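The next block holds one structure in the form of structure tokens; read it before the comments.
Values quoted throughout were computed directly from the atomic coordinates according to the rules given, and no laboratory measurement underlies them. Keep in mind that what you see is a predicted model, and the values were worked out from it rather than measured. Positions of Cβ are backbone-derived with ideal geometry, glycine not excepted, and every protein chain shown enters the neighbour counts.
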Amino acid sequence: MSGLALVCRDLGAEVTGSDRAESSYTERLRSAGIDSAIGHDAAQVPDGAEVVVSTAIAEDNPELVRARERGQRVLHRGELLAELCERGRLLAVAGTHGKTTTTAMAIHALRETGGDPSFFLGGELPGAGPGGAVANAASGSGEWTIAEADESDGSFLKLAPEVAVITNLELAHHSRWGSLGELSEAFAEFSAGSAGRVVGADVHLPGGAGCRQVRFGLEPRPGDPPAPGADLVAEAIQPLPGGGTRFRASGGGVDADVVLAVPGRHNVANALAALGALAMAGADPEACAKALAGFRGVARRMELKGVSASGARIYDDYAHHPTEVEAALAAARELEPRRLVAAFQPHLYSRTKALASEFGAALAEADEIAVLDVYPAREQPVGPLEGVSGVLVAEAAADHSGGRPVWWLPDAGVAAIALAPRLEPGDLLLTIGAGDIYQLAEALVE
């Protein structure tokens, strides 16, 4: 929402808005001259304004009620994003996991090789804003727009990309999609009109008429089963000391050596997807591959927050699905900690109820595990979600941990008190979750 506000302002619109709490986003909007009120009040809605809402806005929100009483135009944020993306050629990145980092890699590489794309990102990209500040959106002068496409509420179906990226498919938003089959049909619809499509090797969608498709995948590790057939492959994958990866990308119009400063095989897959999409969009893939060496990641994706008073490294990651948790912990292992501590905050009651056992199994990759209570976001523990809490994940983690310590620490304050004395030099603590668990990481650093 903040990115949409900034771009609309840059295009000449008069923009105001509101949110329920102060954040770095409201601060950034105010510094850009956009009035950002805290709290929702019907009196804040300008007469005649278009009113843009996110999925988190309830039907009884007083500002939304006032706008409808007046007959003002009300748009979902996905509709506004689609309007803004119609201004240029669209490269859109979708998928259950990795879409924010893949989108950010494509933005970074195109900007570093002389392009000036407009972009919309579901995270914060350091260095992409004015004066090298972080940014999640911008209105560029180039012909391409690069946008992250969100399937969580189905709004990605409003986009019409020329190049569509689908990183992978897994069921993550159980309150929106009833089955993996239903979700797959939606992704097929999302990419049906594209001239080019870059998809993960394990993504199976019907081919669109006249659509060129490139499948990407990683060379399997020793002992792994053979990967499904891929056109664009990462070979000779080699973790680098201190974090980062070197590999060879070949196929699908790409033939280049790549060095990444971010760790993890999942980031190799993200880089492959970005390079395949940029090659399909006509960019120089070798120059883009070189540019990725300067990509330092996205905020809240394996982000180093600092060092604790006892000398432990504190990282934070946005992972909120078992596959993402497993990938984040595997990447943290590549940083060679003496001991790896995972502090996890489940996100959404519906997801916690559906995937508690899988979360427990993924967290068991850590040497010590702390589980906080659920970050509710837009949900409440009522009806079929009554009784759901983080305890379900803590119990599952204990079942899978083989006797390693598992803590139930309901909030960040309690977690900081419990974990800080246990951290020692050489340890790495990773806070994990899409809610406000980053505050635990910041508290441990302070």
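Structure values in brief
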{"read-out": "GNM top mover of 329, 205, 90 - the chain, alpha-carbon springs below 10 Å", "value": "205"}
{"read-out": "Correct choice for Rg/Rh (Cα atoms, Kirkwood Rh) that was computed from the model, options [x] 0.95; [y] 1.17; [z] 1.01", "value": "[x]"}
{"read-out": "Euclidean distance of C-alpha centroids, region 394-409 and region 313-384, integer Å", "value": "12"}
{"read-out": "DSSP beta bridge pairing in region 303-445, given as percent antiparallel to the nearest 5", "value": "15"}
{"read-out": "Considering only region 86-294, percent of DSSP beta bridges that pair antiparallel, nearest 5", "value": "40"}
{"read-out": "All-pairs Cα distance distribution in region 21-159, expressed in whole percent, bin size 5 Å", "value": "2, 9, 16, 19, 19, 17, 11, 5, 2, 0"}
{"read-out": "Candidates 73, 301, 338, ranked by Gaussian network fluctuation over the chain, Cα under 10 Å, top entry", "value": "73"}
{"read-out": "Rounded to 5, the percent of DSSP beta bridges in the chain classed as antiparallel", "value": "30"}
{"read-out": "Mean Cβ count within 10 Å, highest first, over the residues of peptides 275-284, 350-359", "value": "275-284, 350-359"}
{"read-out": "Proximal lysines relative to residue 305, as straight alpha-carbon distance under 23 Å, when same-chain residues fewer than 8 apart are discounted", "value": "99"}
{"read-out": "Cross-link partners of residue 158 among aspartates and glutamates (Cα-Cα below 13 Å; sequence separation of 8 or more within a chain)", "value": "79, 83, 86, 148, 150, 189"}
{"read-out": "Contour minus Cα-Cα distance for residue 378 and residue 9 (0.36 nm per residue)", "value": "130.1 nm"}
{"read-out": "For region 319-446, alpha-carbon Rg over 2.2 N^0.38 Å", "value": "0.98"}
{"read-out": "Net charge of neighbours whose Cβ lies under 11 Å from the Cβ of residue 213, counting Lys and Arg as +1 and Asp and Glu as -1", "value": "+2"}
